[in-house]
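Have a look at the structure below before the remarks.
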Amino acid sequence: MLKLDGVSKVYRVGAFGGRELKAVSDVSFEVGEGEVVSLIGESGSGKSTLGRMILRLASVSGGTITLDGRDITSIKDRKEYYRQVQGVFQDPFSCYNPVFRADRVFAMIKEQYFPRAGADEWRKRVEGALESVRLDPGNVLGKYPHQLSGGQLQRMLIARAVLLDIRLLVADEIISMLDASTRIDVLNLLADLRARGLGILFVTHDLSLGNYVSDRTVVLRHGKIVEMGRTDLVFGSPAHPYTRSLLASVPRLHAKWTDAEMTDAVEDVPCAYHEAPQESRTRPGLAEIDSDHYVACADKEKA
Amino acid sequence: MALNVTDLRVYYRTLRGEVKALDGVTFSVADGEIMGLAGESGSGKSTLAKSLIRLDGRMRHVGGTVELDGAAMPLSDDDAMDEFRFRKVSLIPQYSMSALNPTRKIGRMVGELLDSRGERPDRAELERRLELVGLSKDVLDRYPIELSGGMKQRVVMVVSTLLNPSLLIADEVTSALDVSSQKAVATTLLGFRDRGLVTSMMVVTHDISLVYQIADSIMVMYAGRLAEKAPADVLVTAPRHPYTQQLVSALPEVGVRYEDRRLAGIPGSPPSLLKPPGGCRFRDRCPLAFDQCAEQPPFAEVAPGHLVACWKAE
Amino acid sequence: MRYEALHFALRNRKLVAGTVVILVFLVAGLAGPLMFDHGPNDYVGPPMAAPSGEFWFGTTTFGQDVFAQFLYGLRATFLVGVLGGVLAAAVGMVVGFVAGYRGGWVDELLTMLTNIVLVLPALVVLLIVNAYLGVRSIGVQALFIGLTSWPWAARAIRAQTFSLRSRDFVDLARLSGVRTPRIILREIAPNMSSYLFLTFILLFGSAILIAASLDFIGLGPTEGVSLGLMLNNAARWSALQLGLWWWFIPPGAGITAIVGALYVMNVGLDEVFNPKLREM
Ligand SMILES: Nc1ncnc2c1ncn2[C@@H]1O[C@H](COP(=O)(O)OP(=O)(O)OP(=O)(O)O)[C@@H](O)[C@H]1O
Ligand SMILES: Nc1ncnc2c1ncn2[C@@H]1O[C@H](COP(=O)(O)OP(=O)(O)O)[C@@H](O)[C@H]1O
Ligand code: SF4
Ligand SMILES: [Mg+2]
Ligand SMILES: [Mg+2]
């Protein structure tokens, strides 16, 4: 459904845009229908930039992004595009205009997409969407953003996206602000949406959460893909030292960092990319070491 | 005892009435203790953190006392609190990392900050501290945008602890970081305590598995009150409060997948703090609730260092 | 939010007092002139008469009614303030919003324009314009003031817009298919409504002050009457030396009171809108 092909993004920074900052370089992956792909990487690795490019909030500097084979920048009617692709951002508090009531996010959708819907019919629709994210409409409608908790605001944003019968959802770190129990609620909701055929790009820095919901995983570092593929393969037999070090630093209950034998010896493991036979290098810079499990060269990283 | 909080009540004034964000909180943090503070969002964690530093215009100190190293803190007297701020108590606020001014070099920003607190920046000491947290002194000549989130967070931490406060409060300092930076930041916090740069610490977080790694004890808040406080490993292995039990069981571990085991959140939502119900505030969502819960349970010690506010826990 | 602002507005003494003063002058300027059956510059009484029951503020050296002039002058002063203020606010808002929202080369161009107008010595320009065209009416004067005093407002609005633009709710509006002008109007502007209001009040006050000083140094409109022109005439015909205090005190006090009240309102509004300054 959604396909990224050699996508890069260059920001101009500094006075007079004199310096260039390559936030994303040469990233290719796909998100299929009913598939959850998690995008993992440290802050500044380019996750949000990728998400914003997919949402057409940032221009693409190189490569193409296609939806069903159509270049998204060639879709002139943005409204049509947003009917299919929606996003939810990291900080629920800044997604709401503080001077208006929070349910304005729904009103905006009605105004733009369903101007002819009757008030009653629309209210039913909104209530249905809210119930699908396990919110009590009476509890959240008609309130100002500061009167609602982060978890409620975040779920309202998901309900807003659901109102549109979208096909792809870009979820940019939507759970890092939530407490553990709300996190699980939101994750379960995403999984339910997936079952309905929704494709989800789940951006996160939390590996256990990524692992919990996703079918495929893309690990990003300094704007480049270091490893990607089926979630069980990436997490079960990580091939890139960066992925391994990430997995080693995941905080676990019942096991302290100090107890776990630290895999500092990862340096000595030979580079999986170079070990792989020449013909497995099917994608630029990546070698397919297992079916649907790609890894980048680790030696080049070190250099 | 480094910090002694007794029956602290802090309300927010709003047009619709008072939000009882902190409603009778009693606990203490010992010298050298790192205490994790967890709880649902909106339970009053940041309110507690802010109360110990500065009450903003809408916050009102309604009752209770706070003692730090034996001296009572005059919470509602903004000027008198100056003596405590940064020197004795220091706060790393939520989102402080993203609040760094992008147009100022780090070094200049640190200088201005110390200036505004009436301290002369000691460059040598600053560089020594940066080195301690694994940053080179070059960061002082860089812009915030050039640093990773973890690096920025460590800069903020160095600045907040420059005056060796006895209590450091870190509010969600790791939420925006990836796991390896989280680990670096968490170990830095630990290092501060071990080197005696700060005496004790309160670490506010949603990430119980992270705070478990460094904390001696964990305290859980619910709807403006305390639910449970216990040594870290006791809290995650044998929690006594029904809320903590559900919270801990909602934590996914690496390897758990949605298809294999669907984790469950806690059904329902916390009560409004404008007119909180009487009795135990968790009553509506508690699977164990019974008649007595209509009365407020005391925050009582059930084992050494293990306090619980639940009638069923005794 | 709205009601909250109103709630605090009605309880803010500075704001209420400032508003009352302005309203009193406004009503006087609007309704007052209807009391007279003669114009402000007609020679209706004995020259140099002290205030009396017939001529409340006395008369000028030529026997003009100072009270009538004062009321007509108030009208002109408000007109200049409103026209000049509205024009400056409008230009400043358009430039500020567009530059702040679009960024890039549009921003650079507009910022350059703003800076040029900002450093332009307005007085010199006015002298030149006056020499060639002559400032005839209050409208022309307001136009001039409006076209020269917008830059600081544009700069302030640009900075605010710039910081609001990167907030997620703007992105969310775009994701809802809302177009740029509407986003500026419906998402960004409401967030700085207090700020825009303050800007307008300051521009209003400064337009009155600029007009008065222009009038006073003889660059005012050649037709009509304003508080500044009254001061100018009083000075020109040595009212001070002749002891005709009733000629120059009312216009001077009027300008001071109006501008002062506007600034007090400004401080009051700041307290209303800025939660940090609210006294509860
Ligand atoms: N300025 C304010 N005015 C009114 N109520 C407020 C204000 N700030 C916070 N509150 C309320 O006080 C309660 C506690 O808020 P607080 O920020 O302490 O929560 P928290 O535990 O830190 O949550 P999070 O985990 O989301 O950071 C919430 O119910 C919140 O709605
Ligand atoms: N608007 C921008 N202008 C300049 N640089 C930016 C901008 N947005 C992001 N960047 C830079 O691009 C890189 C990737 O950022 P981002 O995509 O936000 O990462 P992530 O979401 O993974 O934390 C970072 O180095 C960041 O500083
Ligand atoms: S006191 Fe009652 S309602 Fe509260 S947590 Fe205990 S059992 Fe549940
Ligand atoms: Mg991001
Ligand atoms: Mg908080």
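The values are calculated or read from the model by the stated rules, or taken from the named source; none is laboratory data. As the structure is a prediction and not an experimental result, all values here were calculated from the model. Glycine also receives a Cβ, built like all others from the backbone with ideal geometry; neighbour counts cover every protein chain displayed. Just so you know, the surface numbers come from the protein's heavy atoms only, side chains and all, with ligands and any DNA or RNA stripped out. Shrake-Rupley method; radii C 1.70, N 1.55, O 1.52, S 1.80 Å.
In the range B:112-135, the residues that are closer than 17 Å to B:LEU100 by Cβ form Cβ pairs under 6 Å with partners that are open to solvent by 80 Å² or more (accessible area, probe 1.4 Å) and modelled with pLDDT of 80 or more, at six or more places apart or across chains, as follows: B:LEU130/B:LYS137. From the list C:ASP168, C:ASP107, the one residue that fits, being within 13 Å of chain A (Cβ to nearest Cβ), of a type in the set (Asp, Glu) and in contact (Cβ under 8 Å) with a residue 24 or more places away in the chain, is C:ASP107. Restricted to the range B:295-309, and to residues there that are assigned to a loop (DSSP other than H, G, I, E, B) and within 16 Å of B:ILE218 (Cβ to Cβ), the residue that is nearest to ligand 3 (Cβ to nearest atom) is B:ALA309. Taking the criterion of being open to solvent by 10 Å² or more (accessible area, probe 1.4 Å) and either in contact with an Asp or Glu (Cβ under 8 Å, 6 or more places away or on another chain) or at pLDDT 90 or above (or both), the residues of the range B:48-68 that qualify are B:LYS50, B:ARG54, B:LEU55, B:ARG60, B:HIS61, B:VAL62, B:GLY63, B:GLY64, B:THR65, B:GLU67.
Of all the listed residues (B:VAL159, B:VAL179, B:VAL173, B:VAL185), the sole one being away from every other protein chain (no Cβ under 14 Å) and crowded, with 19+ Cβ neighbours inside 10 Å is B:VAL159. Considered as a group, the residues in the range A:126-145 that are within 16 Å of ligand 1 (Cβ to nearest atom) and touching a helix residue (DSSP H, G or I) at 6+ places or on another chain (Cβ under 8 Å) include one that is nearest to the other protein chains (Cβ to nearest Cβ), and that residue is A:ASN139. Taken residue by residue, the range A:101-109 has at least one member that is within 11 Å of chain C (Cβ to nearest Cβ), surrounded by fewer than 18 Cβ atoms within 10 Å (Cβ to Cβ) and modelled with pLDDT of 90 or more. When every residue of the range A:31-54 is checked against the conditions, none turns out to be more than 16 Å from ligand 4 (Cβ to nearest atom), without any contact (Cβ under 8 Å) to a residue 60 or more places away in the chain and more than 14 Å from chain B (Cβ to nearest Cβ). As a summary of the residue check, A:VAL218 satisfies the conditions (1) facing chain B (nearest Cβ under 9 Å); (2) crowded, with 23+ Cβ neighbours inside 10 Å except for the one numbered (1). Just one residue in the set A:VAL226, A:VAL213, A:VAL234, A:VAL170 is more than 7 Å from chain B (Cβ to nearest Cβ) and under 26 Å from A:GLN84 (Cα atoms); that residue is A:VAL170. A single member of B:SER51, B:SER43, B:SER116 is more than 16 Å from ligand 4 (Cβ to nearest atom), polar (S, T, N, Q) and within 14 Å of chain A (Cβ to nearest Cβ), and it is B:SER43. Within the range B:191-225, the set of residues being more than 10 Å from chain A (Cβ to nearest Cβ) and in a helix (DSSP H, G or I) comprises B:GLY191, B:PHE192, B:ARG193, B:ASP194. Pairs meeting the criteria (first residue in the range B:228-257 and facing chain A (nearest Cβ under 9 Å), second residue within 16 Å of ligand 2 (Cβ to nearest atom), beta carbons under 7 Å, at least 6 apart or on different chains) are B:PRO252/A:LEU209; B:VAL254/A:LEU207. Scanning the range C:186-239 for residues that are away from chain A (no Cβ under 14 Å) and over 20 Å from C:GLY146 (Cα atoms) yields C:MET230, C:LEU231, C:ASN232, C:ASN233, C:ALA234, C:ALA235, C:ARG236, C:TRP237, C:SER238, C:ALA239.
Test B:ALA124 against the criterion of being open to solvent by 20 Å² or more (accessible area, probe 1.4 Å), of a type in the set (A, V, I, L, M) and modelled with pLDDT under 80, and give yes or no. The answer is no for B:ALA124.
Taking the range B:224-245 as the range and being open to solvent by 40 Å² or more (accessible area, probe 1.4 Å), among the polar types (S, T, N, Q) and either near ligand 3 (Cβ under 10 Å from one of its atoms) or at pLDDT 95 or above (or both) as the test, only B:GLN245 passes.
Take the conditions (1) open to solvent by 60 Å² or more (accessible area, probe 1.4 Å); (2) part of a loop (DSSP other than H, G, I, E, B); (3) not polar (S, T, N, Q); C:ALA49 misses just one of them, which is (1).
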